[in-house]
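Read the figures in this text as sums done on the coordinates, not as results from a lab. As the structure is a prediction and not an experimental result, all values here were calculated from the model. Note that we place each Cβ from the backbone using ideal geometry, even for glycine, and neighbour counts take in every protein chain shown.
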Amino acid sequence: MRKIREVLRLHNVVNASRREIALAVGIARSTVAEYLYRSEAAELRWPLPVNLSDEDLERLLFPPSPTQEESPRPLPDWAKVQTDLSRKGVTLLLLWHEYAKVHPNGYGYSRYASLYREWLEKTDLRMRQHHKAGEKLFVDFVGLKMPITDPSTGEVRVVSVFASAMGASQRIFAKAYASQTVESWLEGNADAFEFYGALAEILVPDNPKPCVTSPDRYEPGLNESFAEFARHYGLAVIPARPKKPRDKAKVENAVLQVERWVLAPLRDRTFFSLEELNREIAAGIEWLDTRLMKGPNLSRREFFEQIDLPAMRPLNMPRYQFATWKRAKVAPDYCVEFEGHRYSVPYTLYGRPADIRVSSKLVEVFVDGIRVCGHPRSLVRWGVTRLDIHMPAAHGELAAWTPERIQNWAAQTGPSTKEFVGRMMGGKRHPQQAFRSCMGVIKLAKSYTPERLEAACARALHYRATTYRNIKTILEKGLDKEEVANQPVLIEIPTHSNVRGALYYAGGRTCAN
């Protein structure tokens, strides 16, 4: 406005040209020409009236264009419209038809839809995707990690916070876990189900490696434990597309809310246990859960109870017990191995590929998707858990593998190797229990040559060592290259008064010397 006054002053008082005025004021000559033209059209004379303000001057030169005011028409209750859209089968066109029946002179559909979008932009419900009630649960881990201090050592470790959000009501759950392993992912989801007290139809995670083995846009591959978790609860798992954050915008907003309103207020607190941190997180979620949202003018909990909960499935199954899966092949000793321990299966399955499901207390074996056996889980490495019913009734039933055949195979390496595997089988209740170890010994000839294996077996027999690991250690350390005769022979220490025994330490006696 000040430039308008200056243009008029230079034109009327100084009688400057339009070019000179443009250079002096710092505007284009076309703008100077427009100002002068509009002042003549408004019949302004210099000097301007003293009481003419800048706003009045601009209004005289640039009067608002006449517009036809929109006749007042009844507006729908947009919060109710948003609520109804969350129900299955309800569309905006259907709601407009219902509106038009009540208000025949109301807005047309295009204006109705435009007004709804304008209202939506002013609320907390800005997500353009419309999620049906009870349909989707979005899950992810929060980017902000929380520190836990060990009270005894002062060591600080960071933990991760899991978050979830329902698609329609946006109700949020959050809890801290020690890591982001597949077990933590499944625990987080199970805890979320218990928090909501019901089950959604679809679970929408991101593409983390513990859950999604191949993040393909069209056919993502799920971790076997995650897939079993989904089958247990009857869920469909549809991971968000890679690099498409809008596919999981609900949980992205939930992560933001948790970071801002739950974790940020705890930034100066020191926590000494995960349980202590989770108590504070639960309190923050409780506050967030009861806070009113704009638009529906309801809390997330109230909105959830009205919209999502009636459409969700009941949580009427036991909690999922975490288990890991491993692919294996049934060995000639009718066993599969997990963490160094062997578990027997029916001998007829020798050579078949199998899936091993391992929980905290049970090891189950599946062949072609059928459960063939189960064993209590053992933490003893290099041990064997075997059931007699898995053994053949007679060794002739499995002619391909016999103790004689294995010994003949070992004899091709040398007599010491044959004797060694014979002792290995002789030390077992059933020779078949040692078949796998014997074959492991014989196959060492491929890695170390038959001559070295024969020498290693001779050395092991000399020291009465009859395990696969004994032979492998001898070969790895090159002890087979040393002459057995030159090694010190272990001698038995005789009973002597100078030797301190158990009696000495038990009764405090001293030796003779």
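For the reader, a short list of remarks on this structure follows.
- Cα gyration tensor of segment 2-61 - equivalent ellipsoid semi-axes, whole Å, descending: 18, 12, 10
- For the chain, the Cα gyration tensor yields ellipsoid semi-axes of 81, 32, 26 Å (square root of five times each eigenvalue, largest first, whole Å).
- In the chain, the DSSP-assigned H stretches of four residues or longer account for a calculated mean residue ellipticity at 222 nm of -11000 deg cm²/dmol, using -39500 (n - 2.57) per stretch and the full residue count as denominator.
- Per-peptide average of other Cβ atoms within 10 Å, ordering 105-112, 299-306 highest first: 299-306, 105-112
- Computed from Cα atoms alone, the Kirkwood hydrodynamic radius reported for segment 213-323 is 17.4 Å.
- Column: log10 I(q)/I(0), Debye, Cα scatterers of segment 324-391, q = 0.22, 0.23, 0.25 Å⁻¹: -0.86, -0.95, -1.14
- Crossing angle, helix 182-196 versus the chain [Cα axis fit, 0-90 degrees, rounded to tens]: 50
- Fewest neighbouring Cβ atoms within 10 Å first, the residues E419, E155 line up as E155, E419.
- Proximal charge balance of S447 [Cβ under 11 Å; K/R count +1, D/E count -1]: +3
- HN-Hα J in Hz across segment 369-382 - Karplus 6.51, -1.76, 1.60, θ = phi - 60°, x for Gly and Pro: x, 10, 6, 9, 5, x, 9, x, 5, 10, 9, 7, 6, 6
- In degrees, nearest ten, helix 274-290 long axis to first principal axis of the chain (Cα): 30
- Rg/Rh for segment 327-484 (Cα atoms only, Rh after Kirkwood) is 1.01.
- All alpha carbon pair distances within segment 136-314 were sorted into 5 Å bins beginning at 0; the resulting P(r) in whole percents reads 1, 8, 17, 21, 19, 16, 10, 6, 2, 0.
- Contact order relative to length of segment 227-334, as percent, for alpha carbon pairs under 8 angstrom and 6 or more apart: 17
- Computed as a quarter of the hull surface, the mean projected area of the alpha carbon convex hull for segment 1-123 stands at 12.3 nm².
- Rg(Cα) / (2.2 N^0.38 Å) computed for segment 281-355, rounded to two decimals: 2.21
- For segment 341-431, the fraction of alpha-carbon pairs in successive 10 Å shells from zero, as %: 14, 37, 33, 15, 1
- Take every pair of alpha-carbon atoms less than 8 Å apart whose residues are at least six positions apart; their mean separation over the length of the chain yields a relative contact order of 9 percent.
- Quarter of the Cα convex hull surface for segment 165-243, i.e. its orientation-mean projected area (nm²): 5.4
- When each of the peptides 175-182, 90-97 is scored by the mean number of other C-beta atoms lying within 10 Å of its residues, the order from highest to lowest reads 175-182, 90-97.
- Cβ-based net charge around L23, under 14 Å, with every Lys or Arg adding one and every Asp or Glu removing one: +2
- Charged neighbours of R269, selected by a Cβ distance under 10 Å, balance to -2 (K, R count +1; D, E count -1).
- Kirkwood Rh in Å, taken over segment 396-486 so that all alpha-carbon pairs contribute: 13.0
- Charge dipole (Cα centre; +1 on Lys/Arg Cβ, -1 on Asp/Glu Cβ; no other charges) of segment 2-61 amounts to roughly 240 debye.
- Computed over the Cα atoms of segment 78-121, the ratio of the radius of gyration to the Kirkwood radius (Rg/Rh) comes to 0.94.
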